[in-house]
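One structure below.
The values are calculated or read from the model by the stated rules, or taken from the named source; none is laboratory data. Bear in mind that the values here come from a model prediction, so they are computed numbers and not experimental data. For neighbour counting, all protein chains shown are included, and Cβ atoms are generated from backbone atoms with ideal geometry for every residue, glycine included. Each accessible area value is taken on the protein alone, full model and side chains, heavy atoms only, with ligands, DNA and RNA left out. Shrake-Rupley method; radii C 1.70, N 1.55, O 1.52, S 1.80 Å.
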Amino acid sequence: MIYSPVGSSWEDFEKKAFTKEEIAESDLRVALICELIKARNEKGLSQRDLEKLSGVSQPVIARMEKGTTNPTIDTVIKLLAPLGKKLAVVPMDAAGQIE
């Protein structure tokens, strides 16, 4: 079935068009990318600077930050190290929120 967001709120459309798991996955992806962008900005690094430090090309970084690509875990780890960050697996509560 095809749903249209016209005439309804995004939340209503999202609930009809995506499974709970798909929404949670998307929310986690957005949170991760936002944290990468925030860390890069806090360090005062451009995408080109991060390219030099991580070995990940600037176009790949740009596509990640725009959300037009799904990076591999290897790519994420390469970006985190020069930003002084690490990836952690933490428990979530029943509502899917990080505890």
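If you place +1 on the Cβ of every Lys and Arg, -1 on the Cβ of every Asp and Glu, and leave all else neutral, what size is the dipole of the chain about its Cα centre, to the nearest 20 Debye?
Numbers: 14 positive and 15 negative charges, 108 e Å.
In debye, rounded to 20, the chain gives about 520.
Select from 76, 58, 31 the residue farthest towards the positive end of the dipole of the stretch 26-99; place +1 on Cβ of Lys and Arg, -1 on Cβ of Asp and Glu, and compute about the Cα centre.
58
Give the lysines reachable from residue 15 as a straight Cα distance under 29 Å; neighbours fewer than 8 places away on the same chain don't count.
38, 66
By the scheme Lys and Arg +1, Asp and Glu -1, what is the net charge of all other residues having a beta-carbon under 15 Å from that of residue 84?
Local charge sum for residue 84: +3.
Show that you can apply the helix-only estimate: for the chain, add -39,500 (n - 2.57) for every DSSP H stretch of four or more residues, divide by all residues, and state [θ] at 222 nm to the nearest 500. Provide the component values of the computation, followed by the final result.
On the way: 5 runs with 56 residues, N = 99.
Mean residue ellipticity at 222 nm (helix-derived): -17000 deg cm²/dmol.
Given a 1.4 angstrom probe, I'd like the percentage of the accessible area of the chain that is carbon and sulfur, rounded to a whole number.
Ligands and nucleic acids excluded, carbon and sulfur reach 56 percent.
What does the charge count near residue 65 come to, summing +1 for each Lys or Arg and -1 for each Asp or Glu among other residues with Cβ under 14 Å from its Cβ? Don't skip to the end; give the middle numbers.
Working: positive: 29, 38, 40, 48, 63, 66; negative: 35, 49, 51.
Its environment carries a net charge of +3.
Charges only on Cβ, +1 for Lys and Arg, -1 for Asp and Glu: so what's the dipole of the stretch 23-70 about the Cα centre, in debye to the nearest 20?
Around 180 debye, computed over the stretch 23-70.
Per the Kirkwood treatment, what hydrodynamic radius in Å, one decimal, follows for the chain from the mean inverse distance over all distinct Cα pairs?
Here the Kirkwood hydrodynamic radius works out to 15.4 Å.
First select every other residue whose beta carbon is under 15 angstrom from the beta carbon of residue 11; then total the charges, Lys and Arg +1, Asp and Glu -1. It would help to have the intermediate numbers written out before the result.
Working: positive: 15, 16, 20; negative: 12, 14, 22, 27.
Surrounding charge for residue 11 is -1.
Per residue, how much accessible surface does the chain expose to a 1.4 Å probe? Answer in Å², no decimals.
74 Å²
Before anything else, pin down the relative contact order of the chain: Cα pairs under 8 Å, at least 6 apart, normalised by residue count, whole percent.
Reported as a whole number, the value is 19 percent.
Got a sec to turn the phi values of the stretch 57-73 into Karplus ³J(HN,Hα) couplings, 6.51 cos²θ - 1.76 cosθ + 1.60 with θ = phi - 60°, whole Hz, x for Gly and Pro?
Along the stretch 57-73, the couplings run 5, 4, x, 5, 4, 4, 5, 4, 5, 7, x, 9, 9, 9, x, 6, 4 Hz.
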